[in-house]
Amino acid sequence: MRMLRHRRQRRRRRGSPIPRRRSSLSRAFAVVPRGSVVVAASDVILSFGDDCDRGTGGRIDLEGAGGVVGLAVPAPLSTAANHGVFLADFLSSGAAEEAGPSGGRNSDGAQRRRRHLGATMRLTTRADAFVSGFRHHGGRGSVVMNSAMTAQRWGHIGNSSIMEHCHIDGDGIDIGDGCLVSGIRGSASLRLLSGLCLQLLPLRRLWRESESPLNDVEKTSPTSFVCICIDVHDNIKEAPAKNLFGMDLHFVFRCGINENDLWDESVPASKRMLWNAKILPVLSAEGDGTIDLNYSFLDWIEFMSTAGGVRLDSSSDVDKRPNDTYLGPDPGVPSRALFGLKQWKESARLSPSEIRTVVDSEAEARYRSSIPVKKCEERRLSEVSDILMNRRHECCNFDYVIDFTSSSNASNGSVHIRWDVFGNAMQTLDIVASNAFTDGLFDVVGRTFMTMKLLIEDTLSEQVQSRSMLDSSDTDDKGNVNRRKMAQSMKESITILQSGQTSEGAIALVASVRNSMLASPHDGSTDPEMLTECCDFLERAASTMTERCVSGNVFAKKPPSLARTSPIPIGATASASAPARIDLAGGWSDTPPISFEYGGAVACLAVLVDEKRPLKAHCRMVKGGSCIVLRTESRNLSDEKLLDSAEVRIWTLGDLANYCNPKADCSLLMCALIQLGFATPDSIGNNSHASIQSHLMAFCQTDQDDVGLEIVAQSLLPTGSGMGSSSIIGGCIISAIARCVGITLAGMGGAPLERVEINGPNSLIHSVLMLEQLLTTGGGWQDNIGGIVGGLKLGSSDAHVLPLQTKVQHFSLPPQLIEELNQRLVLTFSGQPRLAKNILQQVLRRWATRSDEIMITVEGLVKGASEAIACLEAGDLDCLGRVMNQYWQLKMAMAGPDSGAEPLCVRTLIDHLSSKGDIVGATLCGAGGGGFLAMLASKGLSSRDIVATAKQSVPIGSEVGLDSFTWHSCTVSENGLVVEVIDA
């Protein structure tokens, strides 16, 4: 920071020194180096006039200095000559965009030129600043310098306010608009009205004995401070004084004080001004020397401001009611205001004219140089490292980085990263990722990648979006070349992450690619499109780590090792069918990485829909073919007529390349082939033109070169049903193929389990989970368990057990309870399908934040699974209904606001039936957003009663879409997935 200082000339000189100072400042400013912040001292307040010239600095207008937004010691007095050091608004980019009390007198043209000058010089509103807990600060409209401030519960810095030399760690800090704050320290909460100046200065040990020379004072920590509190518009040398704290002085005298509190009787009325008024209270630290000052007198000032605004607006001139009072033994007066007045009156007080002789300037200099901005940053980064490496479920708090970076960009739309703070945060995360990767802690690496992504989004997204709106020009050829190079680098780094290597170079490559995407090689600015690609890249890298945590091996290089048995005869068909599932509680906790970072538990029920097993797959080997025919069919639930179909023929390995695109035709069937070892992702990518014949012969365990495969998947449920159809049908596909070609997987029998079963790598449930990782839908394990295992069961997974290991426990229910459950279960299709991946991505991003809300929600989900099982074991279906209601609320909380998890038509139906007492519980199946709605009828009512009531009394209309609902029977299926062989 370049400081242009002018000492006050005590001796009188002929003529005014101001022209000379103006001239010298103009010359000095013309050569200020790029990035400097200019601060004027003494009686000079910088403000460029309307004829400001960008290159030379123009003239300095001392009379119209309306753009002051900042200050430095010794005194924050905007109108007092010789008593202020001020920062001009044009030097801080964007600081005058919304002029506060001190910035309203400048013309629009002058403000635009000042902002342009600040932007051109790349000046900032944050310098040596650590600001944490201020979630609603004024952004570029506030300035913070040489300050470390932490608000534990809430914090706010208003627009056009400046804070300097502050070291605060308080419960709550609220600074209004247009405030000037300097030197505030301690742990007390603070609330400052708009337009006030507040400055704290240490007093010498023997400050009451003004004759004591400074050299005699021991250099120890001060225990007394003078608190300068005055409004920015108070004129301290106007005699007689007219205003105090920005309010009429006569009004202030009616709020608990009188003239004798400010002036001695020896001061004539004509000489009574704020300059010699005892208006500055002395605050004392605690006896042990800790800085815990009491700012209660500010409550009194706030009350006066509020009361004055009301009374003055509703009555005639104050002077006409001299005996009225606004502060006294009135029960309507807040006790905080009375206590603040008491503190102010009982404290020792100084006048502005006295503070120069008693302030300990050496102590203040030591304090300013000791403000631990860097230490606060280092401590926060160390805390983040510890949270990640020790897998603590706490938020990685980078709000100080977001504050610093977002406040440091120019208002002309250009976005440049301040690498001194942002870069330190990224470097810390790189070190964590590198150490964890080397140690094989892939869950930690994945979380760290997501933390990087969230930090980039929170820091730069809003600014880059603003810039992209300003700059809509087409990308030049050079930019296209850079993008192609970047795409290749991203692909290489993901490939290395997927491989079996655990070298430090993998993380270094990810960091290099990320940094290149964030900063242009030409001017260092951030491209909006590249920012989006960078966030997607980091999310893909995190997903790659999740894949490794789920798989436990690297299937990119070699197929999984699976036990083999004899295939079925050529021409015979292996047919697999399965029920759907209803999740009763615990959903989302089964989704990786939540399921292996926190641990998951889901209670679910296998059900028939309209007495049918709605999910099927068929596989057979055929003679005379040399390809694989893949076919998907969507059929009507009622009559099983074909509604839609898609077919893909596989001749070469490259024909399987769309396996990772969930929207591609037959991609689920392709993933099933890869998971069962037909080919690896590497072989598909590297040998795309190779024939599949050799692979097909080995896969089918035959030496005949003219054998092909036909695989068909059928669903009677609509797309986006929410009943686990995509995962369960994946289990059917894998089971049918495995039975056909002679692959043995645990759990293909379909019989109810008699004990807790651990699903190992060679289990059907784990294979389906791997299939979804290949498909990139990233689903959890509850759908697989829900349909593969019959009846009621509790699925679970333990935290930090890698690779992911799931367990299933089946619960046998009494026949009479199953009968009652079948009568009371209500199932309706909302008519609104949804893709689970859309909500899934939002849930995983929210989980990565580890916010308090998310952690409480996940805890509730896991706990609810056991509660649902307990209700059914006790035979209490009303209790189960309450658990289902709570579960649905938790699922919506997990998805977040505006997620679309609950369509209006669903909420309307639930509210209507609940208000009539017809149902005791309801939840949308799966992720929500549409699909099937499962409800539990009240005792004594059946599903038919609910359907009749809904059709008769629920208002049908296009506005909420209730006419799109279809109603279906729903009964418990004790048998899960079943595989049969049908002879040719």
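A few points about this structure:
- Separation in nanometres of the label points that stand 7 Å from Cα toward Cβ, at Q152 and I431: 2.8
- Measuring between their Cα centroids, segment 854-912 and segment 614-656 lie 37 Å from each other.
- Residue-level accessible surface for H233, protein heavy atoms, 1.4 Å, Å²: 100
- Placing a label point 7 Å from the Cα of D852 along the Cα-to-Cβ line, the residues of segment 356-395 whose backbone N sits under 17 Å from it are 393-395.
- Highest mean packing comes first when the peptides 339-348, 661-670 are listed by Cβ atoms within 10 Å, giving 661-670, 339-348.
- Per-residue 3J(HN,Hα) values for segment 370-380, derived from phi via the Karplus relation 6.51 cos²θ - 1.76 cosθ + 1.60 with θ = phi - 60°, read 9, 4, x, 4, 5, 5, 4, 4, 5, 5, 5 Hz in sequence order (x marks Gly and Pro).
- Per-pair calculated FRET efficiency, R0 = 25 Å: I758 and E859 via Cβ, rounded to 0.05: 0.55
- In this calculation the C-beta distance from D439 to Q841 is compared with R0 = 35 Å, giving a FRET efficiency of 0.80.
- Using a Förster distance of 60 Å, the FRET efficiency for S812-S688 (Cβ separation, nearest 0.05): 0.75
- Length available on full extension from D536 to Q701: 0.36 nm per residue minus the Cα-Cα distance, which gives 55.3 nm.
- The slack between W419 and V981, meaning 0.36 nm per residue of separation minus the straight C-alpha distance, is 195.9 nm.
- Accessible surface ranking that places the most exposed of T495, T405, T971 first, with a 1.4 angstrom probe: T495, T971, T405
- Between L904 and A646, residue separation times 0.36 nm minus the direct Cα-Cα distance comes to 89.6 nm.
- Modelled this way, with points 7 Å down the Cα-to-C-beta line, the labels at T357 and N658 are 9.0 nm from one another.
- When each of the peptides 679-688, 435-444, 809-818 is scored by the mean number of other C-beta atoms lying within 10 Å of its residues, the order from highest to lowest reads 435-444, 679-688, 809-818.
- The heavy atoms of I856 present about 120 square angstrom of accessible area, all protein chains included, probe 1.4 Å.
- With all protein chains modelled, accessible area of C871 [1.4 Å, Å²]: 10
The values are calculated or read from the model by the stated rules, or taken from the named source; none is laboratory data. Treat the numbers as computed from the prediction; the structure is a model and nothing was measured. In this analysis, Cβ positions are derived from the backbone assuming ideal geometry, glycine residues included, and neighbour counts consider all displayed protein chains. Surface accessibility is based on the protein's heavy atoms, side chains included, excluding ligands, DNA and RNA. Shrake-Rupley method; radii C 1.70, N 1.55, O 1.52, S 1.80 Å.
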